[in-house]
Structures are given as C-alpha cells and as structure tokens.
Amino acid sequence: MFATLSDKLDLVFKKLRGQAVMTEDNVKEALREVRLALLEADVNFKVVKDFIERVRGRAVGTEVLQSLAPGQQVIKIVHDELVELMGGAEDNSLDLAAKPPVAIMMVGLQGAGKTTSCGKLARFLKNQRKKTLLVPADVYRPAAIEQLKVLGRQLDVEVFDSSADQKPLDICRNATRYAALNGIDVVIYDTAGRHQIDDYLMEELEGIRDELAPREILFVADAMTGQEAVNVAGGFNDRLGITGVVLTKLDGDAKGGAALSIKAVTGKPVKFVGLGEKLDALDVFHADRLVSRILG
Ligand code: GDP
C-alpha cells in the first residue's frame with residue numbers, strides 16, 4: 001500500500017506538535033508532498049506551480065489548531081484552494097435557458113467518448129422530462145451514426161435520420177428544422193472527431209457552430225489522456241469557444257487532475273464526468289469529489 005497524502009503530511013508535521021504556528025520550513029516540506037501528489041494526478045506543471053505559491057502564502061504563519069493535526073490542517077487548506085480553482089460554488093449546471101429547441105454541440109477527439117456521452121446526456125435529459133433529439137453528424141466514421149441509433153433505441157430517444165453521404169452541416173440544419181417543427185426541447189449534435197486537431201475539422205465545426213448558435217458546446221475529454229487532454233481542450237476552446245467539459249473514463253485509474261488543468265487553461269468548467277461505458281454512468285460534476293479523489 002502506498003501512503004496517502006494525508007499520511008505523508010502527518011509524518012512531515014510530527015515535529016510540529018507543540019508549536020504555535022506553521023513555519024516556512026514545515027510548510028515547504030509539506031508542499032513538496034502536495035506538489036508530487038498533484039503532478040502524479042496529471043495536473044499541469046504550471047498550474048501546480050501557481051497553486052503551490054498560493055497555498056504557501058495561506059499556510060505559513062497559520063496558527064496550529066489544537067483540535068486538528070497540522071497535516072490535516074494543510075490538507076484542508078489545499079482542499080479548499082483546489083475546490084476554489086475548480087470553480088467552487090459557481091453554477092456549473094447545463095445551461096438550457098434558451099428558446100427551444102436548445103442546441104447542445106458535442107465536440108472532441110475520436111475515442112474520447114463523445115458518442116457515448118451524447119447517449120448519456122440524452123438519458124439525463126429524458127429523466128428531466130425533456131423531449132430530446134439525437135443528431136449523428138459524424139459522417140467520417142459511419143459506425144458512429146449506427147452507434148447513436150443503437151443508443152437511441154436503448155433509451156427510447158429519437159435519433160435524427162442521417163447517412164454518411166450527407167454533409168454534416170446539412171444534417172445539422174435539417175435536424176434543427178425538424179426539431180422546431182416537432183416540439184423538441186433539446187437537440188444533441190454528435191460531431192466528428194479526429195485523432196488530433198486539424199484545420200479541416202475545425203473549419204467544419206466552426207461552420208456547424210455558426211449555423212446552430214448552440215447554447216452549450218461541450219468538449220468531451222478522456223481523463224486517461226492526462227496532459228494531452230489539456231492541450232487539446234485549449235485548441236478546441238481557442239477555435240470554438242467551448243462552454244464546458246465532459247470528462248470521461250474517470251472509472252479508470254486516472255485521478256482526474258486534467259479537470260483542474262483544463263479549467264485553469266480554458267477557464268471553462270467541467271459539467272459532467274463519465275464513470276463507465278453504460279448509459280447511466282454519468283454524474284454532474286462535483287468539485288469537492290474530484291479534489292478528494294486527487295488528494296486521496
Ligand atoms: P467517440 O469516438 O468520441 O465518439 O467515442 P465513443 O463514444 O465511441 O467511446 C470510445 C470508447 O470509450 C467506447 O468503447 C466507450 O464505451 C468508451 N467510453 C466512453 N465513455 C466512457 C467512460 O466514462 N468510461 C469508460 N470506462 N469507457 C468509456
């Protein structure tokens with residue numbers, strides 16, 4: 001068993017019992033452990049550096065509470081600051097405050113979990129009694145169209161009829177018209193992905209965005225890809241102006257530090273996390289849960 005961060009900090013602060021305040025030296029040693037824990041959890045190097053500086057400022061000179069072990073005290077400071085960094089008490093819920101049909105555009109690299117997340121989101125909305133339409137607009141991976149149709153059947157959610165010989169922009173335009181005529185509340189557009197960002201893809205997505213004026217552009221990121229997810233999120237945000245993130249595959253080994261970095265780099269909140277392949281494996285994002293996971 002590896003020692004938890006909490007154990008390590010308790011060790012660092014053993015000497016501190018009886019002292020009145022945390023000193024520069026104690027804190028320095030403790031923050032070295034915190035720094036390592038964050039880097040191991042895939043938090044971006046620069047984000048960690050800025051963060052540690054902030055925590056140092058708060059911790060040094062802090063009175064040692066008799067009621068709490070000093071290690072726990074530092075953990076609490078770190079925990080609170082991380083939650084703050086993740087948006088804290090900000091409202092990160094899905095924004096559907098527009099005249100229906102409200103458009104949600106899903107974007108991201110191939111394999112990130114975009115199509116699966118479309119299905120999960122459709123289920124989430126169905127549970128809120130929203131009449132939802134799924135739109136397959138990834139014509140380069142024909143299996144994606146079939147995959148979405150299968151998910152729609154499982155959920156009993158309508159899937160717009162499209163085929164791989166159509167232009168994505170035409171599919172989206174027709175689907176929007178259909179949705180408006182058929183009393184649909186929310187339309188989820190599953191767009192194409194690539195293995196990496198390329199200009200052609202971005203131009204296509206910009207065209208779709210301009211046509212749909214979506215209320216939400218959710219970037220789907222695979223937590224297992226760590227630092228890379230952060231770079232890709234930055235790229236998509238620069239070109240498209242994303243409104244939020246769905247962080248998938250948090251049921252795996254990834255600690256999810258990418259969520260912190262994505263928020264720090266793009267300024268956009270994580271709105272949902274994916275916790276498995278099944279359609280009910282979607283949670284709304286809770287900053288404190290992710291932070292506990294990172295520090296755990
Ligand atoms: P897309 O290319 O972005 O549309 O990706 P898919 O939706 O096809 O997902 C790629 C793979 O990741 C599939 O095998 C999914 O079952 C799997 N997947 C998606 N989301 C999750 C998740 O939250 N956890 C796990 N374990 N697997 C996921």
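Highest mean packing first, where packing is the average number of other Cβ atoms within 10 Å per residue, the peptides 224-235, 152-163, 192-203, 246-257 line up as 246-257, 224-235, 152-163, 192-203. Efficiency by 1/(1 + (r/R0)^6): what FRET value for residue 39 and residue 96, r their Cβ-Cβ distance, R0 = 41 Å, to the nearest 0.05? Once the sixth-power term is evaluated, E becomes 0.65.
With the cut-off at 1.5 for a/c, could you classify segment 152-296 from its C-alpha gyration tensor as rounded, prolate or oblate? Cα axes put segment 152-296 in the prolate bin.
Each label was represented as a point 7 Å from its Cα along the Cα-to-Cβ direction; for residue 280 and residue 173 these points are 4.2 nm apart. Available extension along the chain between residue 130 and residue 163 is 9.3 nm, counting 0.36 nm per residue and deducting the alpha carbon span.
If you plug the beta carbon distance of residue 4 and residue 231 into 1/(1 + (r/R0)^6) with R0 = 35 Å, you get a FRET efficiency near 0.75. Evaluated over segment 32-186, the count of Lys pairs having alpha-carbon atoms less than 23 Å apart is 18 (only pairs 8 or more residues apart or interchain). Each 10 Å bin from zero holds the following percent of Cα-Cα pairs in the chain: 6, 27, 29, 18, 11, 7, 2, 0.
What does the C-alpha gyration tensor say about the overall shape of segment 241-296? Classify as rounded when a/c is under 1.5, otherwise prolate if a/b is larger than b/c, or oblate. Oblate, since a/c reaches 1.5 and b/c is not below a/b. Using only the Cα atoms of segment 135-218, build the gyration tensor, take square roots of its eigenvalues as a ≥ b ≥ c, and label the shape rounded, prolate or oblate: rounded if a/c is under 1.5, else prolate if a/b is larger than b/c, else oblate. Oblate is the answer for segment 135-218, as a/c is 1.5 or above yet b/c matches or exceeds a/b.
Scanning residues 5 or more positions from residue 217 or on other chains, those with amide H under 5 Å from its amide H are 105, 243, 244, with H placed 1.01 Å from N in the peptide plane. A simple spin-label model places the labels of residue 60 and residue 185 5.3 nm from each other, with each point 7 Å out along Cα-to-Cβ.
None of the figures in this text is laboratory data; all of them are computed from the coordinates on show. Values in this document were obtained by computation on a predicted structure and should not be read as measured data. We place every Cβ from the backbone using ideal geometry, glycine too, and count neighbours over all the protein chains shown.
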